[in-house]
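These notes are about the structure you will find just below.
Every number here is computed from the coordinates shown, using simple stated rules; none is lab data. Fair warning: this is a prediction, and the values are worked out from it, not measured in the lab. Here the Cβ positions follow ideal geometry from the backbone for every residue, glycine too, while neighbour counts run over all protein chains shown.
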Amino acid sequence: MTTKPLTKARIGVLMGGQSGERDISLRTGQAVHRALLRRGYRAVAIDVDPSLPERLTKQKIELVFVALHGPGGEDGTMQGFLETIGLPYTGSSVRASAMAMHKVTTKMVLAAHGIPVPDGTVVRKGERVAKPALLKWPLIVKPAAEGSTIGISIVRKPSEWHAALARAYRHDREAVVEAYIPGHEITVSVLRGPRRTMALPTIEIVSPDGFYDYAAKYTKGRSRYLCPAPLPTAVTRRVTELAVQAYELLGCDGAARVDFRVTPRGKPYVLEVNTIPGMTETSLLPMAAAKVGLDYDTLTEQILESALRRARTFSA
């Protein structure tokens, strides 16, 4: 049985761009585009470049599905541009996107509301800083505003400290330095539905050497995914509650993914919030959605509803 599309508007699926996550964004965008076509929508795939304003006009785009990852697409920049020209778009607002993309801001907001985050500090490019005195080896060093664990390092000894900072500075002028949290890598996707905000089943990521870096994410077979995560019931309930709280505190919309480390004793720490999670056919968000009976096309349509809600706001 075919379903009637929620809108007859011409939808531009924005993908690609120029961030370090371009290749993943293209895969996400192409999968979303195919799903929208299967559902009967008038969807157009658009690889973002400087000609975007003209192309949106030429293609007569009325609604935008944002499938961009990383700086320039996930950080509020694209969202601000679309609001300026009056095009409703999927996902989180300018403010929520900008806060979530900047890991330091995310941590400050969450910590202020009692959500546990790793201890840490910020080291800016040009500062000559030794290892923060209050932190012990190993440490995590990462750019303040990148995604897909680009530029991240586990620093296990003093001789690796400066190289880790240099690696982070290739992507950002601020490096986040955090305590390494031993334990489980857990992620929880959160989706705003027509009636309520819901957390999808937890996923545990089992990576080589316990480090879920870019290669572990995107090299087929490098990592295993356990869904639902084999956590005690009370711990599952806690990370689910924290994921929804983080989503709502930042003001997210559509789909988002909240990443955690959970200690062997079951204490969770929020690492970051991703406001445009990967949507390839094998990404974590579709994997979790499938566990509650949401197939890929239905999930895509539910994310599209965030743009329809925004369209109503724009016209109010």
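Things to note:
- Beta bridges per DSSP with both ends in the chain, % antiparallel, nearest 5: 75 percent
- Ordering VAL141, VAL129, GLY151 by the projection of their Cα atoms onto the charge dipole of segment 101-170, which places +1 on the Cβ of Lys and Arg and -1 on the Cβ of Asp and Glu, puts VAL129 at the extreme positive end.
- Span per principal axis, largest first, for the Cα atoms of segment 17-127 (Å): 47, 32, 27
- Neighbours of ARG42, meaning other residues whose beta-carbon lies under 12 angstrom from its beta-carbon, give a summed charge of +3 when Lys and Arg score +1 and Asp and Glu score -1.
- Summed over qualifying helices (DSSP H, 4 residues or more, each -39500 (n - 2.57)) and divided by its residue number, the chain shows a 222 nm mean residue ellipticity of -10500 deg cm²/dmol.
- Part-to-part distance (alpha-carbon centres) for segment 293-307 and segment 14-35, which is given in Å: 17 Å
- Exceedance of the 23 Å cut-off in Cα-Cα distance is limited, within the set LYS125/LYS267; LYS8/LYS58; LYS136/LYS267; LYS142/LYS291, to LYS125/LYS267; LYS142/LYS291.
- Electrostatic dipole magnitude of the chain [Cβ: Lys, Arg +1; Asp, Glu -1; Cα centre; debye, to 20]: 260 debye
- Peptides 92-103, 43-54 ordered by packing proxy, namely the average of other Cβ atoms within 10 Å per residue, highest first: 92-103, 43-54.
- Taking the three principal axes of the alpha carbon atoms in the chain, the coordinate ranges are 58, 45, 38 Å, sorted in descending order.
- Percent of Cα pairs exceeding the 19 Å cut-off, where the set is segment 164-308: 54 percent
- Prolate/oblate/rounded label for segment 236-316 (Cα gyration tensor, a/c 1.5): oblate
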